[in-house]
């Protein structure tokens, strides 16, 4: 496989991501459709990706990179570990609700190292709260796992229409973070 210019590679990833979002899953996306969306011929894709699976992995990797970037932007400028944790969790939920099909695909059967790097951001945030004496967590990894699971549930349920009787999203996330990260010192 030859190395191809970054602009076309980026266009292919973007086109595939758009198709995943419109189709609702990675299963409904083909190399031909991606090539059409990117404005190139199908054989041009092979200059950048070995096959459809490699291209879809790149889409999901980009999704996790975008998630980490969104969280980093949300926590920038705050030194308080609890504020950073809460802001990062709000950014996580906003990210998932902004592109629910890509989000679902990111947490589907493919397991990419970029997903573990995104999870590590949450583990580090819970650990920082514990180290500052602002969380009672004795196992930041397990508490982060519970928190991630709950946030994932918020995204999935809200994206599906959810319950009209739920509290406002911001309030719901605040409560989940406080309880599952054992905040309060």
Residue among 15, 58 that alone is more than 23 Å from residue 151 (Cβ to Cβ) and more than 15 Å from the chain's Cα centre (by Cα)
15
Pairs under 6 Å by beta carbon, first residue farther than 12 Å from residue 9 by Cβ in the stretch 41-53, partner exposed (fewer than 11 other Cβ atoms within 10 Å of the Cβ) and at pLDDT below 95, six or more apart or different chains?
50/1
Check the stretch 1-13 and report whether any residue there is out of contact with any helix residue (DSSP H, G or I) (no Cβ under 9 Å at 6 or more places or on another chain) and closer than 30 Å to residue 133 by Cβ.
no
Going through 105, 99 one at a time, which residue ends up being closer than 17 Å to residue 61 by Cβ and buried (at least 22 other Cβ atoms within 10 Å of the Cβ)?
105
Pairs returned, first residue in the stretch 96-108 that is on the phi < 0 side of the Ramachandran plot and touching a residue at least 40 places away in the same chain (Cβ under 8 Å), second residue that is assigned to a loop (DSSP other than H, G, I, E, B) and crowded, with 16+ Cβ neighbours inside 10 Å, beta-carbon separation under 6 angstrom, 6 or more apart or interchain, are 105/26
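The values are calculated or read from the model by the stated rules, or taken from the named source; none is laboratory data. This is a predicted model, so every value here is computed, not measured. We place every Cβ from the backbone using ideal geometry, glycine too, and count neighbours over all the protein chains shown.
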